[in-house]
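Asker: Here it is: the structure, laid out below.
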Amino acid sequence: MKEIDNIRLEFLKVEDYNDLKEAMIESYANMPQAFWKEQHIRTLVENFPDGQVVIKINNEFAGCALSIIVDYIRFDYKHTYKEITGNYTFNTHTSDGDILYGIDVFIRPKFRGLRLGRRLYDYRKELCERLNLKGIVFGGRIPYYHKYSKEITPKEYIEKVRKKEIHDPVLDFQMSNDFHPARILQGYLEGDKESKEFAVLLKWNNVYYEKPSLKAAVKKTVVRLGLIQWQMRLYKNFDEVMQQAEYFVDAVSGYRADFALFPEFFNAPLMAENNHLSEPEAIRELAKHTSNIVSKFSELAISYNINIITGSMPEVVNNQLYNAGYLCKRDGGIERFEKLHVTPDESKVWGLQGGNTLKTFDTDCGKIGILICYDVEFPELSRLLADEGMDILFVPFLTDTQNGYSRVRNCAQARAIENECFVAIAGSVGNLPKVHNMDIQYAQSMVFTPCDFAFPTNGIKAEATPNTEMILLADVDIDLLRELNQFGSVRNLKDRRNDIYKINKFI
């Protein structure tokens, strides 16, 4: 082939028909009648011009991709090519559909080996994302299957291709471009003797797909986090504590933060007034403030237009003492979360019980998870939240020594990598000499990311100054997580060996 001066991707025109017909005859040499009539191309171009593209090299027709949009629920998973195309009329195309269906992709033999097919598939993916469709589906031929059809089933053939025991140029190419086999289609394409009329239903999911909403709201993809590194100090009363809390909410909302994260037991200074009581009695007295704190935080969330994660507080439920917190949303919603694993000290000194609820929370900034301090040291919890679609994990914590802090910090960073999510941790600093069992606090609030090219090389998006009262602000881009899920150097969520291990959620 002569030297390439230019490669152009263009929309297919009816005037291209003669070149298209010639290219199809060359490309499907073993299926001599496999070419579209001019009326077929005219229908596709007129009804869905964006779905029909051609690649030209040095102004010569090199390849083509044809597609339609279908309402996929109308078709059985075992559909045929005739059915999906409406008996080749393409009356199955609808702009109100949810799936981009691939009708044809071919490259002329003389231009193969230049990765032109990848350009066509990449265009389809970009079109799918732009039109906010759920994904791409098509029936893929398996042209080498006739060589093995007497020995193995189509299912076995696909598995051998996947394991590189058999080379199938079409199926290999499609799987290398992130299309995943979903099922076998029997009798899919009439006359496809090479594939024995079998095809593989291949799928590509659009990770950016957003279900259409009737609400007048836009789901944010760049989310600003506001972490409060709280100073433990003596306060006169409840009002003074909440005045300080409002000061921080005001500060982070002034920077247009979407979330304000408070630490675990940030309200512990209020135990000073009950220091004459035993530790179990004092913390139960502290629990009496919880409902008022939640009510006040809910008011602040609405008035400052920010989602507030209240850190955590002691709470008595059915005479049992728990460590619980609340997500106060800016739309007025309130949701509760619990610490599931209490530390030996919390159990022995205060009589705290472990909670029983683990779930993700839907917010106007996507799905989030919240684990309190010690819980982040148990990887199963965050993995279950990741399976539910969590994008950001918030961890309010309270640690007295640098050893304890290091456990929380290092485990939180590991959760960001293994679950392909952002993790924000916020703790308290200072000391409470007039509160038993609180002593000195050590903290450095941080925001962690996965470690891949789109993120900081050390996996740290932002970090506060250790042991200093301050706020920490950081922007996190949810779309980067979607790209990581699909195209990351490693894919910790996709590459799990569910065939040999899995985590079950019983609560």
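The values are calculated or read from the model by the stated rules, or taken from the named source; none is laboratory data. Everything quoted here is computed from the prediction, not taken from an experiment. Cβ placement follows ideal geometry from the backbone for every residue including glycine, while neighbour counts extend to all protein chains displayed.
Asker: Considering only residues that are among the β-branched types (Val, Ile, Thr) and modelled with pLDDT of 95 or more, look in region 400-424 and name the one that is nearest to THR310 (Cα to Cα). It would help to see each step written out before you state the result.
Answerer: Quick first cut of region 400-424, residues among the β-branched types (Val, Ile, Thr) only: 401, 408, 417, 423.
Now narrow it down to the ones that are modelled with pLDDT of 95 or more: 408, 417, 423.
Numbers: VAL408: 19, ILE417: 25, VAL423: 16 Å.
This residue is VAL423.
Asker: Against the condition over 22 Å from VAL207 (Cα atoms), in a strand (DSSP E or B) and of a type in the set (A, V, I, L, M), how does VAL137 come out, does it pass?
Answerer: Working: over 22 Å from VAL207 (Cα atoms): no; in a strand (DSSP E or B): yes; of a type in the set (A, V, I, L, M): yes.
The answer is no for VAL137.
Asker: Which condition number does VAL53 fail, the rest of (1) among the β-branched types (Val, Ile, Thr); (2) modelled with pLDDT under 95; (3) under 15 Å from ALA23 (Cα atoms) being met?
Answerer: Status for VAL53: all satisfied but (2).
Asker: For region 140-193, enumerate the residues that are surrounded by 18 or more Cβ atoms within 10 Å (Cβ to Cβ), of a type in the set (Phe, Trp, Tyr), more than 20 Å from HIS79 (Cβ to Cβ) and under 34 Å from the mean Cα position of the chain (by Cα).
Answerer: Correct list: TYR157 only.
Asker: Being more than 25 Å from LEU277 (Cβ to Cβ), assigned to a loop (DSSP other than H, G, I, E, B) and in contact with a Gly (Cβ under 9 Å, 6 or more places away or on another chain) is the filter here, so list the residues in region 388-446 that pass it.
Answerer: GLU388, GLY389, MET390, ASP391, PHE397, GLU420, CYS421, TYR442, ALA443, GLN444, SER445
Asker: Next question. How about region 16-112: which helices (runs of 4 or more DSSP H) wholly inside it have at least 2 residues that are aliphatic (A, V, I, L, M) and crowded, with 20+ Cβ neighbours inside 10 Å?
Answerer: Details: elements: 17-27, 38-47, 81-84.
Once the helices (runs of 4 or more DSSP H) in region 16-112 are filtered for at least 2 residues that are aliphatic (A, V, I, L, M) and crowded, with 20+ Cβ neighbours inside 10 Å, what remains is 17-27, 38-47.
Asker: I've got another one for you. Within region 313-357, track down each residue that is without any contact (Cβ under 8 Å) to a residue 24 or more places away in the chain and assigned to a strand (DSSP E or B).
Answerer: Those that are without any contact (Cβ under 8 Å) to a residue 24 or more places away in the chain and assigned to a strand (DSSP E or B): VAL317, ARG336.
Asker: Here is a further query. Quick one: is SER303 in the same structural domain as MET470 (by TED's automatic domain parsing), surrounded by fewer than 18 Cβ atoms within 10 Å (Cβ to Cβ) and among the small types (Gly, Ala, Ser)?
Answerer: Numbers: in the same structural domain as MET470 (by TED's automatic domain parsing): yes; surrounded by fewer than 18 Cβ atoms within 10 Å (Cβ to Cβ): yes; among the small types (Gly, Ala, Ser): yes.
Yes: the conditions hold for SER303.
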